[in-house]
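The values are calculated or read from the model by the stated rules, or taken from the named source; none is laboratory data. Not measured: the values here are computed from a predicted model. Note: ideal-geometry Cβ built from the backbone for every residue, glycine included; neighbour counts use all protein chains shown.
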Amino acid sequence: MFGKILIANRGEIALRIHRACQEMGIRTVAVHSTADATAMHVRLADESVCIGPPAPRDSYLNVAAILSAATITGADAIHPGYGFLAENARFAEMVEAHGFAFIGPSPEHIRMMGDKIAAKAAMRRLGVPLVPGSEGAVATLDEARSVAAEVGYPVLIKAAAGGGGRGMKVARSEAELEEAFRVARAEAKAAFGDDSVYVEKFLDRPRHIELQVLADTYGNVVHFGERDCSLQRRHQKLVEEAGSPVLTTAARDALGAQVTKALAALGYRNAGTLEFLWQDGHFAFIEMNTRLQVEHPVTEMVCGVDLVREQIRIAAGDRLGYSQSDIRFQGHAIECRITAEDPETFAPSPGRVSMYHAPGGPGVRVDSALYSGYAVPPYYDNLVAKLVVHAGTRAEAIARMRRALAEMVVDGIRTTLPLHQRIVEDPEFQAGDYTIHWLERFVARGGRDARAA
Amino acid sequence: MTDGIRFDPAQIRELARILRDTDLSEIELVEKDSRIRVVRQVTVAPVAGATTVSVPAPPPAAPQPVAATATPEPAEAALPPGTVTSPMVGIVYLAPEPGAPPFVQVGAKVAQGQTLLLIEAMKTFNQIKAPKAGTVTRILVENGAPVEYGEPLMVIE
């Protein structure tokens, strides 16, 4: 087992990784920018190394500084968290080349899933259901037109180098196709340096349902069920649930079996999440994230697993030690992502948190690096806390979330706490009746009940 | 050599009262070598040699966002002017190679751009140069020591 792990991240996930290491008796090294010198995980870590000024490019994305810090502290392994360098295949390669273990999948699979066309091609070969569309990149408008005619309008033109909702244009009819195609390519070139695009059928009212998987280096692959992450605004998730209100056990088991078989064939290792659009009972693979996800706590609560611990164990060469039949799903979990934004305008609100009070009680978990007096820096993403609840049923979990949100205090900055309070009161949310468009419509009507609008 | 910061509580109370009674958000009083600054509910970066007191604003009716434009650097003992800090993470070497005399010693006069020490990172040796001409008054790191970004290395006055 590793003696020392360097945490190449910040904020709540760095604290999460530190906590898992502490519980395993593994020493931690926190690398941080000057803006994060007072961060909670830096204060708690066994060692800390300042790696640069605030800008991510000079600090959390500074590969040389991170590797140098690992060298001078004698770290055995590096955990990349999520975002930053977590899905950077080159970084993973360099970590391994320098003799450190990279706590995550192989560079080859990071690279494969980072190219959205290659990812789909791999999934197609492995029998995972896809969104109908082109088999690879479409180089010409004519190709795009013929694919669109085959799958039917409306269609989406997507950047191969995109992902996470970026680099997509809709064409609702053949008349709109030419402009969508040209604009998508130009934007892809500008944003990602690669104008390769592919075509997919546009699903008009899907849910976003993703599957958590874990694989060791001995060919054992398991899944930990699904998360419904349909509540999104501008492709950013706000609320996630485990399990999905619409999935039956049979549907979960069937998808899980298909996916674990595919990943075993691929030789995948460590944690990963496959994202699907689900509509009318059908799953369609859109992309795979080769890292731990922000919303992993809801899965942990329902399955009674510590995914970060499992990641570390796998990276250290341990066998999973359990099989799919050992994994049980108990109750229901919901997570609200609390961000430092105005709850109505979403204007960023960094600044000093004058008073922080986390909710508690049965079935309540808060993953946050906040503390009273902490100054939220303006340089990084605005997630400041994840409020997670777990209960026996979905209705009980909603009641618990309502209770916990009311107890939570974050003063001194604006946060989306009031927005989450309105969401959990909404009858459609309570009925589980929502798609990926629901939240934007909810926000557009001022966060009010649809019947009252 | 410090002789404790002297301040008059009555003076501070008076300043705080003036702050409350007016629309001012900050009052600073400077005399000789003492300075008092009284500030209303903004982030405060303590400055060495000054006494700073925060006056809590009356409880606002609506939450007042603190418009901090930049997070102040954590309070630390002020570095002497002329401190050269590390621009990178790595290992310090005070001499060009083992056994050779060090680049500089305390008391040495250096020209701007003169190499003071090396920092090795990822098997490359980076020369750290004097930002301005002066005299090396303090060397704050040992040969072979690991350093982080921003760590004080030497003082050149």
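Odds and ends about this structure:
- So A:Leu203, is it outside any loop (DSSP other than H, G, I, E, B) and either under 19 Å from the mean Cα position of the chain (by Cα) or closer than 30 Å to A:Gln430 by Cβ (or both): no
- Against the conditions (1) at pLDDT below 95; (2) assigned to a strand (DSSP E or B); (3) among the hydrophobic types (A, V, I, L, M, F, W, C), A:Leu231 satisfies every one except (1).
- For B:Glu157, the conditions (1) at pLDDT below 95; (2) farther than 22 Å from B:Glu97 by Cα; (3) touching a helix residue (DSSP H, G or I) at 6+ places or on another chain (Cβ under 7 Å) are fulfilled apart from (3).
- Within region B:93-116, the set of residues being in contact with a Pro (Cβ under 8 Å, 6 or more places away or on another chain) and touching a residue at least 24 places away in the same chain (Cβ under 8 Å) comprises B:Leu94, B:Ala95.
- Among the candidates A:Arg43, A:Arg57, the residue that is charged (D, E, K, R) and over 21 Å from B:Met122 (Cβ atoms) is uniquely A:Arg43.
- Filter result for A:Leu214 (on the phi < 0 side of the Ramachandran plot, outside the structural domain of A:His79 (by TED's automatic domain parsing), in contact with a strand residue (DSSP E or B) (Cβ under 6 Å, 6 or more places away or on another chain) and not in a helix (DSSP H, G or I)): yes
- Which listed residue, of A:Asp449, A:Asp426, is of a type outside the set (A, V, I, L, M) and not assigned by TED's automatic domain parsing to the domain that holds A:Glu341: A:Asp449
- Flag for B:Ala48 being modelled with pLDDT under 75, under 21 Å from A:Arg352 (Cβ atoms) and of a type in the set (Gly, Ala, Ser): no
- Residue within region A:428-440 that is among the small types (Gly, Ala, Ser) and within 17 Å of A:Gln236 (Cβ to Cβ) present: no
- For A:Thr34, the stated conditions hold: it is touching a Pro at 6+ places or on another chain (Cβ under 6 Å) and surrounded by fewer than 23 Cβ atoms within 10 Å (Cβ to Cβ).
- Residue in region A:385-404 that is among the hydroxyl-bearing types (Ser, Thr, Tyr) and surrounded by fewer than 23 Cβ atoms within 10 Å (Cβ to Cβ) present: yes
- Search result, residues across region A:135-173 that are under 20 Å from the mean Cα position of the chain (by Cα), of a type in the set (A, V, I, L, M, F, W, C) and surrounded by fewer than 22 Cβ atoms within 10 Å (Cβ to Cβ): A:Ala161, A:Met168
- Within region A:21-38, the set of residues being over 20 Å from B:Gly90 (Cβ atoms), of a type outside the set (D, E, K, R) and more than 10 Å from chain B (Cβ to nearest Cβ) comprises A:Cys21, A:Gln22, A:Met24, A:Gly25, A:Ile26, A:Thr28.
- Test: residue in region A:216-238 that is surrounded by fewer than 21 Cβ atoms within 10 Å (Cβ to Cβ), more than 30 Å from A:Leu419 (Cβ to Cβ) and of a type in the set (A, V, I, L, M): no
- Some residue of region A:179-198 being surrounded by 22 or more Cβ atoms within 10 Å (Cβ to Cβ), of a type in the set (A, V, I, L, M, F, W, C) and not assigned by TED's automatic domain parsing to the domain that holds A:Ala144: no
- Within region A:146-183, tally of residues that are within 21 Å of A:Pro206 (Cα to Cα) and among the polar types (S, T, N, Q): 1
Residues checked against (1) out of contact with any helix residue (DSSP H, G or I) (no Cβ under 8 Å at 6 or more places or on another chain); (2) farther than 22 Å from A:Asn270 by Cα; (3) within 14 Å of chain B (Cβ to nearest Cβ):
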{"position": "A:Gly52", "(1), (2), (3)": "no, yes, yes"}
{"position": "A:Gly74", "(1), (2), (3)": "yes, yes, yes"}
{"position": "A:Pro80", "(1), (2), (3)": "no, no, no"}
{"position": "A:Ala101", "(1), (2), (3)": "no, no, no"}
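- For region A:34-43, the criterion of being in contact with a helix residue (DSSP H, G or I) (Cβ under 9 Å, 6 or more places away or on another chain) and of a type in the set (Lys, Arg) is met by no residue.
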